[in-house]
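> Quick one: this structure, given as structure tokens, is what I'll be asking you about.
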Amino acid sequence: MGLVLTMQLRPSMIDYGVESQLPVIVGISIIREIGPVITALIFAGKIGSSIGAELGSMKVTEQIDAMEVSGTNPFKYLVVTRVLAATFMLPVLVMLGDAISLYGSWLGVNIRGNTSFTLFWMQVFDSLSFNDVLPAFIKSYFFGFAVGIIGCDKGFNSNKGTEGVGRSANSAVVVSSVLIFVIDLLAVQITDALGFT
């Protein structure tokens, strides 16, 4: 995304004579918005569908019922662990995705120009503030929680054999993706109201 964004923005910034601000604009847009949302959508596609399919197959093959009969709380072992893992790992993936995206942006800047690695990163980090990083980091926790809880809900409520498992996986991705956009919209409204702009 960093490479694509850089290549798309470069001609317009040259027209306005602000090509030197390309690392600043790309850095802020990736850290604040693009990095967390794109990473969360990919996470929803991979992890949300996986959780929905896994729990759906356990429901269809009556493994969850067997846990309940044996006195084990399936919610504690199957849902809580997956939701916590999704909640705490998505922010780590967002940081990794942001770093890779910014590296791609540096490559994009150097395709038609010549900017040193150190200068590029200094421009990016000099332009960032605590108000840019904190809201993005916090909302990634909510994205992870949403993906985990939706995947578990769809898997636990699966039925009708293998067809139901497929529907659970599919609906987990769709609902999680929509919920990510809703949470992002709410996060932007809250950060604006709190003055994080």
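The values are calculated or read from the model by the stated rules, or taken from the named source; none is laboratory data. Fair warning: this is a prediction, and the values are worked out from it, not measured in the lab. A quick note on method: Cβ atoms are made from the backbone with ideal geometry, for glycine too, and the neighbour counts reach across all protein chains shown.
> Consider the range 88-116. How many of its residues are assigned to a helix (DSSP H, G or I), free of Cβ contacts under 8 Å to residues at least 12 places away in the same chain and either within 15 Å of residue 21 (Cα to Cα) or in contact with a Leu (Cβ under 6 Å, 6 or more places away or on another chain) (or both)?
Of the residues in the range 88-116, 1 are assigned to a helix (DSSP H, G or I), free of Cβ contacts under 8 Å to residues at least 12 places away in the same chain and either within 15 Å of residue 21 (Cα to Cα) or in contact with a Leu (Cβ under 6 Å, 6 or more places away or on another chain) (or both).
> If a residue has to be assigned to a loop (DSSP other than H, G, I, E, B) and more than 29 Å from residue 182 (Cα to Cα) to count, how many in the range 1-48 make the cut?
So the first thing to find is which residues in the range 1-48 are assigned to a loop (DSSP other than H, G, I, E, B), and the list is 1, 16-18.
When the remaining residues are screened for being more than 29 Å from residue 182 (Cα to Cα), the result is 16-18.
Adding up the residues that qualify gives 3.
> If you don't mind, there's one more thing I want to ask. Just the residues that are β-branched (Val, Ile, Thr) and under 21 Å from residue 196 (Cα atoms), please, taken from the range 16-33.
Of the range 16-33, the ones β-branched (Val, Ile, Thr) are 18, 24-26, 28, 30-31.
Matches in the range 16-33: 24, 25, 26, 28, 30, 31.
> Assess whether residue 80 counts as being under 22 Å from the mean Cα position of the chain (by Cα) and surrounded by fewer than 17 Cβ atoms within 10 Å (Cβ to Cβ).
yes
> Sticking with this one: For the structure I just gave you, tell me whether residue 148 is over 24 Å from residue 38 (Cα atoms) and either in a helix (DSSP H, G or I) or modelled with pLDDT of 95 or more (or both).
Details: over 24 Å from residue 38 (Cα atoms): no; either in a helix (DSSP H, G or I) or modelled with pLDDT of 95 or more (or both): yes.
So residue 148 does not fit the description; no.
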